[in-house]
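A.B. asks: Starting off with a structure, shown below.
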Amino acid sequence: MAVANQKGGVGKTTTALTLGAALARQGGKVLVMDLDPHGNASVHLTFYPENLDYTAYDLFHAEEGDASVWDRIIKRREGLVFDFVPGHIRLSELEVDLKDRKNKGLILSEALARVRDRYDFVLLDCPPHVGVLLVNALVASDLVIIPIQTDFLALYGIRLLFDTIRLLNKVLPRPVRFMALATMHDRRASACRRILRLMRDKLGERVFETVINLDTRFRDACAQGRVIFELDPDTRGALEYSQLAKEIVSHENT
């Protein structure tokens with residue numbers, strides 16, 4: 001599952017990490033990958049790229065068929081219920097590094113095929129701009145989750161991502177599936193409630209029933225280098241991402 005939106009600040013990294021933890025807590029074997037050169041997910045979990053010998057960047061430069069690269073880039077730590085691949089600022093160099101490589105949009109999907117039997121779910125925290133990384137993530141995914149903050153600017157911004165998906169669907173053998181997720185929702189604000197209604201009217205069944213409301217515990221978790229379940233599994237945000245995980249499993253089983 002790719003977690004993608006070309007607008008920043010909509011809860012993309014929070015969704016990738018918290019949903020990954022929720023799926024793992026419900027019994028799934030989960031891998032989360034940070035494909036954003038900014039490395040927000042990596043820093044959140046205190047995997048500082050400058051201190052690491054191997055990151056997601058190395059996956060895109062590995063020899064074709066080299067499954068051992070996964071053992072070098074996958075990280076684990078006490079208390080973290082999923083496996084994690086950190087990002088690196090050098091991911092931004094891939095546009096130049098791969099410009100002459102054939103089938104460069106398939107690198108990630110081919111690499112993931114070598115570890116597919118290890119995991120029930122793989123979540124990809126995507127960069128906010130169109131390029132070789134985002135294309136690799138969309139092509140590799142069975143489902144694209146689009147976190148959308150319930151305000152007008154965030155809703156307007158997803159048009160860019162939809163344009164990218166439409167372009168890919170013209171050349172891919174199967175269309176890219178996507179679902180929108182309402183995030184950072186403030187039920188007290190009439191404008192937020194109106195945007196949520198508009199999302200449901202425009203996208204219909206492509207909007208998750210689960211809504212992620214504002215919860216200050218997400219900030220607390222980030223400040224401590226943890227996911228929210230490690231702080232308080234019964235807080236609103238944790239319960240809502242647990243509900244989202246159940247909704248996704250239910251979708252996949254139908």
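A.B. asks: Scan (1) in contact (Cβ under 8 Å) with a residue 40 or more places away in the chain; (2) loosely packed, with under 14 Cβ neighbours inside 10 Å for the single condition Val144 breaks and write down its number.
C.D. replies: (2)
A.B. asks: So which residues in the range 114-131 are buried (at least 19 other Cβ atoms within 10 Å of the Cβ) and either part of a helix (DSSP H, G or I) or in contact with a Pro (Cβ under 7 Å, 6 or more places away or on another chain) (or both)?
C.D. replies: Pro127
A.B. asks: Would you mind listing the helices (runs of 4 or more DSSP H) fully within the range 132-224 where at least 2 residues are charged (D, E, K, R)?
C.D. replies: Correct list: 152-169, 190-203, 217-223.
A.B. asks: Of everything in the range 77-97 that's over 18 Å from the mean Cα position of the chain (by Cα) and either among the hydroxyl-bearing types (Ser, Thr, Tyr) or not in a helix (DSSP H, G or I) (or both), which residue is surrounded by the fewest Cβ atoms within 10 Å (Cβ to Cβ)?
C.D. replies: The extreme case among them is Glu78.
A.B. asks: Output the residues belonging to the range 227-254 that are part of a loop (DSSP other than H, G, I, E, B) and either of a type in the set (Val, Ile, Thr) or out of contact with any Ser or Thr (no Cβ under 9 Å at 6 or more places or on another chain) (or both).
C.D. replies: Scanning the range 227-254 gives Val227, Asp232, Asp234, Thr235, Asn253, Thr254.
A.B. asks: Right, here's the next one. Pick out the one residue from Arg194, Arg206, Arg177, Arg166 that is in contact with a strand residue (DSSP E or B) (Cβ under 6 Å, 6 or more places away or on another chain) and either closer than 18 Å to Val3 by Cα or exposed (fewer than 14 other Cβ atoms within 10 Å of the Cβ) (or both).
C.D. replies: The unique qualifying residue is Arg206.
A.B. asks: Which of the residues belonging to the range 41-73 are within 16 Å of Ala16 (Cα to Cα) and in a loop (DSSP other than H, G, I, E, B)?
C.D. replies: Passing the criteria: Leu45, Thr46, Phe47.
A.B. asks: Please pick out the residue among Asp117, Asp186, Asp142, Asp125 that is under 30 Å from Asp71 (Cβ atoms), modelled with pLDDT of 85 or more and more than 19 Å from the chain's Cα centre (by Cα).
C.D. replies: Asp117
A.B. asks: If you don't mind, there's one more thing I want to ask. I'm told His185 meets every condition in (1) more than 30 Å from Ile73 (Cα to Cα); (2) surrounded by 19 or more Cβ atoms within 10 Å (Cβ to Cβ); (3) touching a residue at least 60 places away in the same chain (Cβ under 8 Å) except one. Can you identify the failing condition by its number?
C.D. replies: All conditions are met except number (3).
A.B. asks: Return yes or no: is Leu23 closer than 27 Å to Glu252 by Cα and either of a type in the set (Ser, Thr, Tyr) or assigned to a helix (DSSP H, G or I) (or both)?
C.D. replies: Criteria met by Leu23.
A.B. asks: For the range 210-226, state whether one or more residues are aliphatic (A, V, I, L, M) and exposed (fewer than 15 other Cβ atoms within 10 Å of the Cβ).
C.D. replies: Taking every residue of the range 210-226 in turn, at least one turns out to be aliphatic (A, V, I, L, M) and exposed (fewer than 15 other Cβ atoms within 10 Å of the Cβ).
A.B. asks: I'm told Ala111 meets every condition in (1) of a type in the set (Gly, Ala, Ser); (2) surrounded by 20 or more Cβ atoms within 10 Å (Cβ to Cβ); (3) closer than 15 Å to Val30 by Cβ except one. Can you identify the failing condition by its number?
C.D. replies: (3)
A.B. asks: Need the failing condition index for Lys12 against (1) surrounded by 24 or more Cβ atoms within 10 Å (Cβ to Cβ); (2) more than 13 Å from the chain's Cα centre (by Cα); (3) of a type in the set (D, E, K, R), just the number.
C.D. replies: So Lys12 meets the others, but not (2).
The values are calculated or read from the model by the stated rules, or taken from the named source; none is laboratory data. Everything quoted here is computed from the prediction, not taken from an experiment. Glycine gets a Cβ as well: all are built from the backbone with ideal geometry, and neighbour counts include every protein chain shown.
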